[in-house]
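Below is one structure; the comments refer to it alone.
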Amino acid sequence: MKKLSKLVTTVVALVFCTVISLSAQQQGSHPLATVIDPSKLVDLTYPFNAQTIYWPNASAFEWRPEHWGPREDGRWYAAGHYAASEHGGTHMDAPIHFSQGRHTVDEIPVSHLIAPAVVIDISKQCRVNRDYLLTPRDVEDWERFHGRVPKGSIALVRTGWGKFWPNKKQYMGTDTKGDVANLHFPGIGVEAAKLLASRGIVAVGIDTASMDYGQSKDFATHAVINGANLYGLENVANLDHVPATGALLIALPMKIGGGSGAPTRIVAVLPLR
């Protein structure tokens, strides 16, 4: 029955795309212009600039113009130079980040970068405790209401921490360069990470600086997620605009060969209804 259902779904999708394509051709427009509704797109990415938050002991984002103005012939030309650590701003943690031999950024299958999203909201708990950790109970409570976390999905954890961006002191707990001892922000607990991984997800994401909470010393959650060859998305913006279910997530990192992480443009495509 599952194979039949999948076949039916595929056929319906092909028919739908064909109808859309023919309709668009008759109207003289590109088929994708008919399918994509801009009002259903949510940018979940913070801009990279002088305010972008990085780990206290990491190199911050740098940008400078190399040429910005008219050329000798009077025509306009603009080009700049940038440099930064892999892990800062809205970015991806590739599995190799905390697990030897796992995927680097460029090895992650494209099919894992475009996937259904679920959002587990623990913002109420985090308002009371800035060191709160997502628990298995939180995941199970979500599943009681929405159903089992789907296999092949990206599990996003909303802590509400986006309200502090880009105030480093409030967002990280400290704004002192190199100070990793006084970091305070929510994260994903180890047991919750194990539970999510067991659901067959392809990635997790969170609206804080790390999958592990600020006071973590061993980064055990990273070890669980990356050890399962799953990637993580950190400093995800605007999660309050994404529903608990129904959205499609597109997370496209800079394809750094051998990279342990990369700046990532993340977009949510909201459900039609």
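Quick notes on this structure:
- For the residues 207, 212, the requirement of being without any contact (Cβ under 8 Å) to a residue 40 or more places away in the chain and open to solvent by less than 40 Å² (accessible area, probe 1.4 Å) singles out 212.
- The conditions of being over 24 Å from residue 106 (Cα atoms) and touching a helix residue (DSSP H, G or I) at 6+ places or on another chain (Cβ under 7 Å) are not met by residue 142.
- Of all the numbered requirements in (1) open to solvent by 60 Å² or more (accessible area, probe 1.4 Å); (2) at pLDDT 90 or above, residue 43 misses one, and that requirement is (1).
- Annotation note: of 193, 117, 209, 197, the sole residue that is within 19 Å of the chain's Cα centre (by Cα), among the small types (Gly, Ala, Ser) and under 16 Å from residue 247 (Cβ atoms) is 117.
- Only one of 219, 185 that is on the phi > 0 side of the Ramachandran plot, among the hydrophobic types (A, V, I, L, M, F, W, C) and more than 11 Å from the chain's Cα centre (by Cα): 219
- Filtered residues of the stretch 215-238 (kept if crowded, with 24+ Cβ neighbours inside 10 Å, over 24 Å from residue 101 (Cα atoms) and not β-branched (Val, Ile, Thr)): 235
- Residue in the stretch 95-110 that is in a strand (DSSP E or B) and open to solvent by 40 Å² or more (accessible area, probe 1.4 Å) present: no
- The sole residue among 253, 243, 186, 263 that is open to solvent by 30 Å² or more (accessible area, probe 1.4 Å), touching a Phe, Trp or Tyr at 6+ places or on another chain (Cβ under 9 Å) and within 20 Å of residue 46 (Cα to Cα) is 263.
The values are calculated or read from the model by the stated rules, or taken from the named source; none is laboratory data. None of the values given here were measured: they were computed from a predicted structure. Note that each Cβ is placed from the backbone with ideal geometry, even for glycine, and that neighbours are counted across all protein chains shown. Heavy atoms of the whole protein, side chains included, go into the accessibility calculation; ligands, DNA and RNA do not. Shrake-Rupley method; radii C 1.70, N 1.55, O 1.52, S 1.80 Å.
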